[in-house]
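See below for the structure under consideration.
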Amino acid sequence: MITPHGSENLNPLIVESSEEKESLIKASESMEKVVVSSAAAGNLVMLGAGYFNPLTGFMNKDDVLGVANNMKTSNGLFWPTPVMNLVKDEANFQPGQKVALLDPNCDNALIAIQTVEKVETLSDDELDNVIQQTFGTKDKEHPGVQTLYGQGNILISGDVKVLNYSYFDKDFPSTFRTAVQIRESIKENNWSNVVAFQTRNPMHRAHEELCRMAAEQVSADGILIHMLLGKLKPGDIPADVRDQLSELWLSIIFQKTL
């Protein structure tokens with residue numbers, strides 16, 4: 001199996017130890033609190049589950065601008081889009097200070113602890129550039145552009161310890177899997193050649209043919225279906241409907257899928 005991106009081993013940022021988790025939850029009671037954006041909460045899930053390996057937390061300004069302009073962090077790691085904790089209000093935190101991050105998707109429940117590296121401000125021009133480079137437009141009719149402009153321009157960078165997967169593992173128990181679990185499943189199935197397909201929509205006939213053609217072309221042992229869940233753009237089919245339909249579709253059409 002290929003090695004994870006950027007490191008020899010997969011390093012998910014979820015806190016596995018129940019003792020450490022309890023200690024962090026207790027310590028968070030006296031910490032400053034930050035309600036992160038919905039997008040940042042989603043990125044915490046990705047960090048916790050190992051999908052954003054080898055990142056250790058939210059990017060600082062140098063990394064954000066480097067990724068936006070050149071798809072590389074300051075240490076040369078290839079990364080396609082900035083991973084940011086942006087807030088609107090002034091954050092008077094000191095380097096090394098631990099802050100409790102709260103999840104707006106779960107009634108502001110604790111989701112992670114962040115150790116502050118820096119608190120920096122993206123100028124209007126810098127934020128415009130990040131958005132232009134990320135989405136190819138600054139048009140606020142674009143839902144992604146609108147969302148990012150609404151998050152603020154104060155950037156809190158630093159390592160995180162993730163305490164839970166927000167609502168994803170509870171609302172989608174049969175679909176949500178961590179990067180570790182996916183790699184373990186591939187190994188258990190003795191797959192050496194895997195086709196991956198990502199979709200925001202429910203699986204349909206064209207998707208079936210794309211997956212089938214790709215699998216045949218490379219003689220794949222199996223297919224990994226990566227379906228986006230959670231909060232998408234207005235007008236999208238609800239996640240639970242897409243989840244149920246995709247599971248039904250895969251059970252009928254594809255036998256060797258994850």
Within the group LEU155, LEU101, LEU148, which residue is crowded, with 18+ Cβ neighbours inside 10 Å, under 16 Å from the mean Cα position of the chain (by Cα), in a strand (DSSP E or B) and in the same structural domain as SER30 (by TED's automatic domain parsing)?
-> LEU101
Number of the exception - TYR165 against (1) within 26 Å of VAL116 (Cα to Cα); (2) without any contact (Cβ under 8 Å) to a residue 12 or more places away in the chain = (2)
Hits in segment 18-38 (condition: among the small types (Gly, Ala, Ser), surrounded by fewer than 19 Cβ atoms within 10 Å (Cβ to Cβ) and either in a helix (DSSP H, G or I) or not assigned by TED's automatic domain parsing to the domain that holds THR147 (or both)) | SER18, SER23, ALA27, SER38
Give segment 143-162 a look and list any residue that's at pLDDT 95 or above, touching a helix residue (DSSP H, G or I) at 6+ places or on another chain (Cβ under 6 Å) and farther than 20 Å from GLN114 by Cβ, or say none.
-> VAL145
At least 3 residues that are within 25 Å of LEU44 (Cα to Cα) and either of a type in the set (Asp, Glu) or in contact (Cβ under 8 Å) with a residue 12 or more places away in the chain (or both) in each: list the helices (runs of 4 or more DSSP H) lying fully within segment 179-258 that qualify.
-> 179-188, 239-253
Given the conditions (1) in a helix (DSSP H, G or I); (2) without any contact (Cβ under 8 Å) to a residue 60 or more places away in the chain; (3) surrounded by fewer than 16 Cβ atoms within 10 Å (Cβ to Cβ), which single one is not true for GLN94?
-> (1)
Take the residues in segment 175-195 that are surrounded by 14 or more Cβ atoms within 10 Å (Cβ to Cβ) and over 20 Å from ASN11 (Cα atoms), then tell me which one is nearest to the chain's Cα centre (by Cα).
-> THR175
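The values are calculated or read from the model by the stated rules, or taken from the named source; none is laboratory data. Just so we're clear, the structure is a prediction, and the values are computed from it rather than from any experiment. So basically every Cβ, Gly included, is an ideal-geometry build from the backbone, and we count neighbours across all protein chains shown.
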